[in-house]
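The values are calculated or read from the model by the stated rules, or taken from the named source; none is laboratory data. All figures in this text were calculated on a predicted structure; none of them were measured in a lab. Using ideal geometry, Cβ is built from the backbone for each residue, glycine included, and neighbour counts are taken over all protein chains shown.
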Amino acid sequence: MAAVVVEGLSKTFRGGKRALNDVSMSIDGGEMVALIGASGSGKSTLIRHVAGLVQGDRDACCKVTVNGRPVQCNGLLTAEARDIRREVGVIFQQFNLVTRLSVLTNVLTGVLGRIPALRGTFGIFTREERIAAMRALARVGIAEAAGQRASTLSGGQQQRAAIARAMVQGARVILADEPIASLDPASAKRVMETLSEINLNDGITVIVSLHQVEYARRYCRRTIALRDGEIAFDGPSEALTHDFLRELYGDASEELVLPDVPAKADGPRAALRPAAAFAGA
Ligand SMILES: Nc1ncnc2c1ncn2[C@@H]1O[C@H](COP(=O)(O)OP(=O)(O)OP(=O)(O)O)[C@@H](O)[C@H]1O
């Protein structure tokens with residue numbers, strides 16, 4: 001079953017900036033898909049629409065569905081949107097954690113959507129919930145930091161704690177918006193490995209926006225590329241060619257393609273086929 005379906009999504013911000021233009025994509029449950037594109041191409045905006053944090057244009061015939069349930073329709077959030085958000089873990093580039101709280105408490109906030117409000121307000125968590133949070137921290141490799149204030153974690157550890165929180169939340173879909181953009185290469189690798197591990201072992205669908213294309217090639221079988229708010233490529237990551245990337249990123253292309261895994265010198269124009277052709281690839 002498709003985990004995320006976007007149909008005809010357009011977004012025009014106040015002031016007239018059209019950030020998304022008739023975007024359609026379908027992502028199957030259990031896929032790990034990279035979202036790439038130059039700065040301002042619409043990656044964050046697309047992720048925020050899937051998460052139900054932003055509404056599309058009202059005059060457009062658009063729909064966003066997660067796990068078969070509509071999040072928004074024709075520019076309006078559905079009555080189910082709030083419920084569906086509980087199945088979606090969102091990880092941003094930074095500011096994912098409440099830094100004055102412990103790492104464990106941050107991870108435990110993942111259960112807030114499904115426990116009585118009073119218990120959440122006073123931070124009363126059951127033994128089972130604490131065990132689940134510790135297990136998630138162990139899975140992402142930072143169990144020893146559970147008692148530390150979140151502010152003492154490195155950037156990469158903070159991202160892994162945010163992934164643990166999404167696991168405790170019971171998210172079936174993780175939307176990660178440039179989760180490694182401000183990390184050093186070693187930390188970035190660990191975060192990508194963590195996302196890949198839960199994708200492969202737990203079948204969690206992952207959509208991750210990335211600046212550096214090599215991470216897309218290494219960790220995601222499928223890549224969707226945005227250019228000026230439109231899908232310019234949707235297909236196997238290995239089919240991304242230097243020519244296409246140069247066209248996509250312009251002058252910035254050299255610094256965004258890591259040199260150690262060379263992109264194909266040239267490739268089939270078929271790789272540039274429209275999004276729908278590769279839906280579910
Ligand atoms: N709240 C907003 N109001 C007006 N314009 C916005 C708003 N949010 C985004 N935009 C514009 O929409 C376009 C797409 O922005 P978006 O942040 O989605 O791009 P991006 O591909 O994620 O970029 P980056 O890689 O730099 O994060 C940009 O031109 C941006 O300036």
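Below are the figures for this structure:
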quantity	calculated
Neighbours by Cβ (under 8 Å, 6+ apart or cross-chain): first from region 30-45, within 21 Å of Gly56 (Cβ to Cβ); second assigned to a helix (DSSP H, G or I) and more than 6 Å from the ligand (Cβ to nearest atom)	Leu35/Leu46; Leu35/Ile47; Gly37/Leu248
Flag for Ser44 being within 12 Å of the ligand (Cβ to nearest atom), modelled with pLDDT of 95 or more, surrounded by 17 or more Cβ atoms within 10 Å (Cβ to Cβ) and hydroxyl-bearing (Ser, Thr, Tyr)	yes
The listed residue being at pLDDT below 85 and among the acidic types (Asp, Glu), out of Asp260, Asp202, Asp243, Asp228	Asp260
Matching entry among Ile115, Ile124 (being of a type outside the set (Asp, Glu), touching a Phe, Trp or Tyr at 6+ places or on another chain (Cβ under 9 Å), more than 16 Å from the ligand (Cβ to nearest atom) and modelled with pLDDT under 95)	Ile115
Residue match in region 117-138 (condition: surrounded by fewer than 18 Cβ atoms within 10 Å (Cβ to Cβ) and in contact with an Asp or Glu (Cβ under 8 Å, 6 or more places away or on another chain))	no
Qualifying position, being more than 20 Å from Arg217 (Cα to Cα) and either at pLDDT 95 or above or surrounded by 21 or more Cβ atoms within 10 Å (Cβ to Cβ) (or both), among Val50, Val33	Val50
Within region 86-121, considering residues that are within 18 Å of the chain's Cα centre (by Cα) and part of a loop (DSSP other than H, G, I, E, B), the one nearest to Glu144 (Cα to Cα)	Leu97
Residues of region 17-41 satisfying the condition of being more than 19 Å from Asn67 (Cα to Cα) and part of a loop (DSSP other than H, G, I, E, B)	Lys17, Gly37, Ala38, Ser39, Gly40, Ser41
Test: residue in region 56-71 that is touching a His at 6+ places or on another chain (Cβ under 7 Å), within 30 Å of Arg114 (Cα to Cα) and crowded, with 17+ Cβ neighbours inside 10 Å	yes
Count of region 47-78 residues which are more than 15 Å from the ligand (Cβ to nearest atom), touching a residue at least 40 places away in the same chain (Cβ under 8 Å) and part of a loop (DSSP other than H, G, I, E, B)	5
Any chance Ser154 is hydroxyl-bearing (Ser, Thr, Tyr) and modelled with pLDDT of 95 or more	no
Boolean, Ser39 is away from the ligand (no atom under 16 Å from the Cβ) and surrounded by fewer than 20 Cβ atoms within 10 Å (Cβ to Cβ)	no
Filter result (away from the ligand (no atom under 16 Å from the Cβ) and buried (at least 18 other Cβ atoms within 10 Å of the Cβ)) within region 3-30	Ala3, Val4, Val5, Ser26, Ile27
Filter result (more than 16 Å from Leu226 (Cα to Cα) and modelled with pLDDT under 95) within region 14-30	Arg14, Gly15, Gly16
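Here's the yes/no breakdown for (1) touching a Pro at 6+ places or on another chain (Cβ under 6 Å); (2) within 16 Å of Thr205 (Cα to Cα); (3) hydroxyl-bearing (Ser, Thr, Tyr):
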| position | (1), (2), (3) |
| --- | --- |
| Gly15 | no, no, no |
| Val23 | no, no, no |
| Ala34 | no, yes, no |
| Gly37 | no, no, no |
| Ser44 | no, no, yes |
| His49 | no, no, no |
| Val71 | no, no, no |
| Asn96 | no, no, no |
